[in-house]
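The values are calculated or read from the model by the stated rules, or taken from the named source; none is laboratory data. Quick caveat, the model's predicted, so the values are computed rather than measured. Don't worry about glycine lacking a Cβ; one is built from the backbone with ideal geometry, like all the others, and counts go over all protein chains shown. Each accessible area value is taken on the protein alone, full model and side chains, heavy atoms only, with ligands, DNA and RNA left out. Shrake-Rupley method; radii C 1.70, N 1.55, O 1.52, S 1.80 Å.
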Amino acid sequence: MKRNIADIDTMYPDHYQATSPSGNQAGETTTEGGSVVPPEQVSPLLALPNELLIKISDYLSFVDVSHLATTSKRLITLFNTEEKLKKLALQYYGSASDVYRKMIENRDIPAVPGNEIYDPLLRLAYHRYVSNKYLASLESNTLQTAVATLNGHTSGVISVTLLSDGRLASCAGQTIKVWDPGKPHGQQCVMTLHGHTSLLSSVIALADGRLASCSEDKTVKVWDLSKPDDQQCVATLNGHTREVDSVTQLPDGRLVSCSHDGTIKVWDLSKPNGQECVTTLNGHTNWVTCVTTLPDGRLASCSLDETIKLWDLGKPAGEACVATLNALRWMFTITPLPDGRLAFCSHDGSIKVRDLSKPNGQECVVTLNGHTDWVKSIALLPDGRLASCGDDQTIKVWDLSKPNGQQCVATLKEHTKDVFFVTPLPGGRLASCSLDETIKLWDLGKPDELQCVVTLNGQPTSCSPPRKRRKIV
């Protein structure tokens, strides 16, 4: 339980004295990171024995401890923020600590206010902790206000992705739009790509800066944004016999797609036109809704046949399926976690986390309940938390390190129709897209309020919204 500094005298009234012991360093203050506790308010603390001070520090947030510690060298020693953060990082990242260190080695993690914490993983743990505390403090009084509305899509937005230069790409209807949120109002849409002949399902950024998209027109297309208008589509991959739901990129640059035809295809863009499909994986008996790469190089796919399949591309196509996990649910997205577990979402409103190292039938180790309708997308945030969205028009943020029933740390409500996709952005932000024709950017750590900071919105139209392609009757 978090206690405010002002509550300490209520907790330990008998231990307070009017004066501080001689030799204390009260009065050494700094303005780094925000407010500083006045020395006269700290002197009662300094009269307490070290053992009690350490016990008191266990009831304080890292923010309170940091502010107190800036007033006294003695408190800096006793309120050892670094040691507390080591315990917190172990709680958050555990066996995946080395993986997270590698993930953030090129990121500039903000400092811990008032502390010389150099370990980037400890910094990451601190900011995750502060964000959770901040989100919890908002409760139901959260203000979620759109501060900009951008003209663009005129039908429901299905997918959004972050480009390497900080721009966004999204798809709706038969078009892909590229956005620069830093542009003035009304000028954020900087490019519109045409080429698909039916509704798009997904758009992703590739490692070389290009885009890949897939569609109900049974194709995967590759786009080069540096090309002149009407020349950006540089490859069209044909081979699927029904709608293509998802596309992803392998570490070696090849593409993998999955389709309503029940197959997964691997594409090598270096091959001649018409010969790009180098592998077709068969095994699912219904629509394959998502395919993704795992940290160990294997593929994972999920399907409306209520199974998750793992694939080893080093084996012949007929032997590539190395595991089948029964889920008993229709699944739409599967997301690998750095610790080797898998998170997936389904039509029953739940999110489940499976540990592939567990015996058959015991793989499900976490069930997250909170959405009240189909969950369409899950994303891993840079600090290790999860974000999800769905047909209940909400986005939820989850912290798996918390006890069962307490993992949901935020619910974002501003979309007015089904939310199809959510993806992380730099600086603790999220992007979401919805059938309400908008893309919204959210800040999970804004100091004054949690708010939707940008809305990318289509003009009203008399056209009917796209059908909910993944609801089966």
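Here's how it looks for Leu163: its modeled amide H is under 5 Å from those of Leu168, Ala169, which are all 5 or more places away or on a different chain.
Can you send over the solvent-accessible area of His196, 1.4 Å probe, protein chains only, in Å² to the nearest 10? For His196, solvent-accessible area is about 10 Å². Modelled spin-label separation between Ser350 and Glu306, with each label point placed 7 Å from Cα along the Cα-to-Cβ direction: 1.3 nm. Using the Cα gyration tensor of the stretch 390-438, with a ≥ b ≥ c the square roots of its eigenvalues, what is the shape: rounded (a/c below 1.5), prolate (a/b larger than b/c) or oblate (neither)? Taking the square roots of the gyration eigenvalues as a ≥ b ≥ c, the stretch 390-438 is oblate. Relative to the current alpha-carbon distance between Ser164 and Val99, full extension at 0.36 nm per residue lengthens the span by 21.2 nm. Amide H contacts for Gly262 (H built 1.01 Å from N in the peptide plane; partners 5 or more residues away or on another chain; cut-off under 5 Å): Val288.
What does the C-alpha gyration tensor say about the overall shape of the stretch 264-377? Classify as rounded when a/c is under 1.5, otherwise prolate if a/b is larger than b/c, or oblate. Here the stretch 264-377 falls in the prolate category. Given their separation in residues at 0.36 nm each and the Cα-Cα distance between them, Val366 and Lys402 gain 11.9 nm when the chain is fully extended. Each residue was assigned an accessible area with a 1.4 Å probe, and for Val190 the value is about 60 Å². The residues Lys396, Lys271, sorted by heavy-atom accessible surface at 1.4 Å with ligands and nucleic acids left out, run Lys271, Lys396 from largest to smallest.
Per residue and in Å³, how big is the convex hull formed by the alpha-carbon atoms of the stretch 189-284?
99
Remark: spin-label model distance Ala207-His185 equals 4.2 nm, labels positioned 7 Å along the Cα→Cβ axis.
Figure note: Thr367, Thr423 ranked by solvent-accessible area, largest first, 1.4 Å probe, ligands and nucleic acids not counted: Thr367, Thr423. Every pair of different Cα atoms in the stretch 330-376 enters the Kirkwood calculation, which places the hydrodynamic radius at 10.9 Å. Shape analysis of the stretch 252-303 places it in the oblate category; the axes a ≥ b ≥ c from the Cα gyration tensor give an a/c of at least 1.5, with a/b not above b/c.
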